[in-house]
1. Please find, within the stretch 43-72, the residue that is nearest to PRO179 (Cα to Cα) out of those that are touching a Phe, Trp or Tyr at 6+ places or on another chain (Cβ under 6 Å) and more than 8 Å from the ligand (Cβ to nearest atom).
2. Give the residues of the stretch 154-181 that are open to solvent by less than 20 Å² (accessible area, probe 1.4 Å) and modelled with pLDDT of 95 or more, sorted by residue number.
3. Can you report the number of residues in the stretch 73-86 which are of a type in the set (Phe, Trp, Tyr) and either over 21 Å from ASP196 (Cα atoms) or near the ligand (Cβ under 8 Å from one of its atoms) (or both)?
4. Quickly run through the stretch 112-129 and pick out the residues that are more than 9 Å from the ligand (Cβ to nearest atom) and open to solvent by less than 30 Å² (accessible area, probe 1.4 Å).
5. May I ask you to say which residue of ALA138, ALA186, ALA112 is in contact (Cβ under 8 Å) with a residue 24 or more places away in the chain, assigned by TED's automatic domain parsing to the domain that holds LEU71 and in a loop (DSSP other than H, G, I, E, B)?
6. Give the residues of the stretch 43-73 that are in contact with a Ser or Thr (Cβ under 7 Å, 6 or more places away or on another chain) and open to solvent by 70 Å² or more (accessible area, probe 1.4 Å), sorted by residue number.
7. From ARG6, ARG85, grab the single residue that is modelled with pLDDT under 95 and open to solvent by 70 Å² or more (accessible area, probe 1.4 Å).
8. Taking GLY132, is it open to solvent by less than 40 Å² (accessible area, probe 1.4 Å) and either in a loop (DSSP other than H, G, I, E, B) or under 25 Å from GLY258 (Cβ atoms) (or both)?
Amino acid sequence: MPMLARPAFDYALLLSQLGTARARFDVDWLAECSSTNTVLQERAAKGAASGSVLVADVQTAGRGRRGRSWLSSPDNSLTFSLLWRLPPAVRSAGLSLAVGLAVAQALESLGARGVGLKWPNDIWLLGQKLGGVLIEVAFDSNGLGLIIGIGLNLRHDAELETQLGHASAALSDEDLLLPREVVLGAVLRELASVLDRFGSEGFTALRAAWCARNALLGLPVRVSSESGEHLGNCGDVAADGALILHTAYGAHLLITGGDVSLAPMSR
Ligand code: BTN
């Protein structure tokens with residue numbers, strides 16, 4: 001059977017979705033690249049402007065947090081990166097949580113109801129991972145730039161799920177069958193607004209909205225970090241974005257890095 005060609009990127013649809021936020025972004029689409037984060041890093045090094053976006057249908061070397069690889073489905077995922085330059089004096093503590101919040105709010109604006117956030121920056125839908133965020137730093141002649149990479153599952157792909165070895169969520173679980181341009185436009189619009197707020201007020205201003213979507217709040221969790229493994233109940237996040245872990249001994253640990261998962265007993 002002949003392969004169906006993937007539809008070319010619909011810039012007009014994206015621009016209509018972006019509305020007035022279109023002036024903030026310069027979006028480029030590639031049918032294939034290694035990793036949108038990697039290619040945008042190279043563009044940042046050559047002086048690309050804040051608001052540059054690279055979206056690709058296929059990533060041959062997609063990257064996830066903590067050195068993991070990121071697999072996605074060319075026809076059923078959205079994979080893109082945004083170069084953003086924060087004002088020089090802004091502290092970046094809590095930035096990755098702010099980005100996760102922007103994605104969650106964008107998906108909610110499209111009609112998703114079961115969106116949650118798993119610290120530090122996983123996007124969950126109905127209790128499964130829907131997407132993730134990888135933020136990297138780019139230094140260039142314009143100063144400090146952030147490469148914000150986002151991957152989201154739009155629809156299920158059985159082959160991908162077999163490769164991953166576990167189930168994941170897709171926006172289609174909520175009967176949202178949306179073109180990648182519509183989802184990208186909504187996420188970029190929300191990112192502009194959340195990153196502006198982060199730039200002027202820091203994570204403190206966004207903390208309550210993040211906590212309201214904390215997918216693991218109150219549940220027994222295991223934290224794997226460089227300082228070792230910790231068990232406890234998942235709490236809120238602190239003003240700097242650290243996760244508060246309530247341990248059995250009454251202590252409150254502040255977790256600033258690592259992975260959090262449901263403790264085996266609670267599954
Ligand atoms: C994670 O959950 O581990 C983060 C995944 C981030 C994946 C995105 S897809 C677009 C961008 N390019 C990459 O290589 N990674 C990020």
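The values are calculated or read from the model by the stated rules, or taken from the named source; none is laboratory data. Keep in mind the model is a prediction, meaning the values are calculated, not measured. Neighbour counts run over all protein chains shown; Cβ positions are idealised from the backbone, glycine included. Note: areas computed on protein heavy atoms with side chains; ligands, DNA, RNA excluded. Shrake-Rupley method; radii C 1.70, N 1.55, O 1.52, S 1.80 Å.
1. Selected residue: VAL55.
2. Result: LEU154, ALA169, ALA170, LEU171, GLU181.
3. Start the filter on the stretch 73-86 by keeping residues that are of a type in the set (Phe, Trp, Tyr), which leaves 80, 84.
The next check asks that each one be either over 21 Å from ASP196 (Cα atoms) or near the ligand (Cβ under 8 Å from one of its atoms) (or both); those that pass are 80.
Qualifying residue count for the region: 1.
4. In the first step, residues of the stretch 112-129 are kept if they are more than 9 Å from the ligand (Cβ to nearest atom); the result is 112-120, 124-128.
The answer is ALA112, GLY114, VAL115, GLY116, LEU117, LYS118, TRP119, PRO120, LEU125.
5. Working: ALA138 fails: in a loop (DSSP other than H, G, I, E, B); ALA186 fails: in a loop (DSSP other than H, G, I, E, B).
Selected residue: ALA112, the only one of ALA138, ALA186, ALA112 that is in contact (Cβ under 8 Å) with a residue 24 or more places away in the chain, assigned by TED's automatic domain parsing to the domain that holds LEU71 and in a loop (DSSP other than H, G, I, E, B).
6. If the condition is that a residue be in contact with a Ser or Thr (Cβ under 7 Å, 6 or more places away or on another chain) and open to solvent by 70 Å² or more (accessible area, probe 1.4 Å), then ARG43, THR60, ARG63 are the ones that fit.
7. The match here is ARG6.
8. Numbers: open to solvent by less than 40 Å² (accessible area, probe 1.4 Å): yes; either in a loop (DSSP other than H, G, I, E, B) or under 25 Å from GLY258 (Cβ atoms) (or both): yes.
Spelling it out, GLY132 is indeed open to solvent by less than 40 Å² (accessible area, probe 1.4 Å) and either in a loop (DSSP other than H, G, I, E, B) or under 25 Å from GLY258 (Cβ atoms) (or both).
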